[in-house]
Amino acid sequence: LVSLVAVVDDGAGRPLFLLSGLAEHTRNLRARPKASVLIAVEGTTMDRARVTLSGELAWLEGEAAARAKETFLAANAEAKVWAALPDFAAARLEVRAVRYVGGFARAASISPADYLSA
C-alpha cells in the first residue's frame, strides 16, 4: 500500500514518522514492518533528483519516542495540530537499501553505510 505521510530526518539520515493508529497504512506496518519512502526535490519533471529508502520500521517507545516526536515537530510545525492526538505513534525507518535517481537515465544503488555516513 502506498500512502502519503509526513516524514522528517532524524539527524542521522533515517526517516522519522508520526503515524495514526487509525490509518490503514499503520495497521499494515504493525503487521509487517517492511517499508520504503520516496523523497524527491520539488518539481514536476522526471529529471528531478530522488531517493528511495527501504528497510524496516522500528516503533519507538519511551524516551526515544519523545525525542523523535520533538525532532518531528521542530521540523514540521503543521504537525502540532494532529501529533498531540493519542493515537499517533513515533516510528523510524531502519535503512537497509538505498536507490538514488539523479534524473532521467542517472540511477544507482548506494550502500546503506555510505548513505548514512554522508
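Calculated on the alpha-carbon coordinates, the convex hull of the range 1-100 measures out at 112 cubic angstrom per residue.
Which net charge results when you count Lys and Arg as +1 and Asp and Glu as -1 among the other residues whose beta-carbon is under 10 Å from that of ARG92? Combined, the nearby Lys, Arg, Asp and Glu give -2. For the chain, the relative contact order works out to 31 percent when only alpha carbon pairs closer than 8 Å and six or more residues apart are counted. Just the number, please: carbon plus sulfur as a percent of the accessible area of the range 1-101, 1.4 Å probe, no ligands or DNA/RNA counted. In the range 1-101, the share of accessible area belonging to carbon and sulfur is 55 percent.
The amide H of PHE88, built 1.01 Å from its N in the peptide plane, has GLY21 as neighbours under 5 Å, considering only residues 5 or more places off or on other chains.
Label point of ASP87 set 7 angstrom out along Cα-Cβ; within the range 44-71, no amide nitrogen lies under 14 Å from it. The calculated pair-distance distribution of the range 61-103 uses every alpha carbon pair, bins of 5 angstrom beginning at 0, and gives 5, 18, 23, 20, 12, 12, 9, 2, 0 percent.
When the charge dipole of the range 1-115 is built from unit charges on Cβ atoms (+1 for Lys and Arg, -1 for Asp and Glu) and taken about the Cα centre, the candidate among ALA12, THR26, ALA97 whose Cα reaches farthest toward its positive end is ALA97.
Sorting check: for 38-50, 70-82, which peptide has the highest mean count of neighbouring beta carbons within 10 Å, and how do the rest follow? Display every interim value, and only then the final one.
Working: 38-50: 10.5, 70-82: 13.1.
Result, highest mean first: 70-82, 38-50.
Derived scalar couplings between HN and Hα for the range 17-31 equal 9, 10, 10, 7, x, 7, 7, 4, 5, 5, 4, 5, 5, 5, 6 Hz in order, rounded to whole Hz, by the Karplus curve 6.51 cos²θ - 1.76 cosθ + 1.60 (θ = phi - 60°), x for Gly and Pro. Couplings for the range 67-74, taken from phi via the Karplus curve 6.51 cos²θ - 1.76 cosθ + 1.60 with θ = phi - 60°, read 5, 4, 5, 4, 4, 4, 5, 5 Hz in order; Gly and Pro are left as x.
Could you compute the net charge surrounding LYS80? Neighbours are other residues with a C-beta less than 13 Å from the C-beta of LYS80; K and R count +1, D and E count -1.
Values: positive: LYS69; negative: GLU70, GLU78.
Cβ neighbours under 13 Å give a net charge of -1.
Label-to-label distance, ALA31 versus ILE110, with points set 7 angstrom from Cα along the beta-carbon direction: 3.4 nm.
The values are calculated or read from the model by the stated rules, or taken from the named source; none is laboratory data. Keep in mind that what you see is a predicted model, and the values were worked out from it rather than measured. Using ideal geometry, Cβ is built from the backbone for each residue, glycine included, and neighbour counts are taken over all protein chains shown. For accessibility, only protein heavy atoms count, side chains too; no ligands or nucleic acids. Shrake-Rupley method; radii C 1.70, N 1.55, O 1.52, S 1.80 Å.
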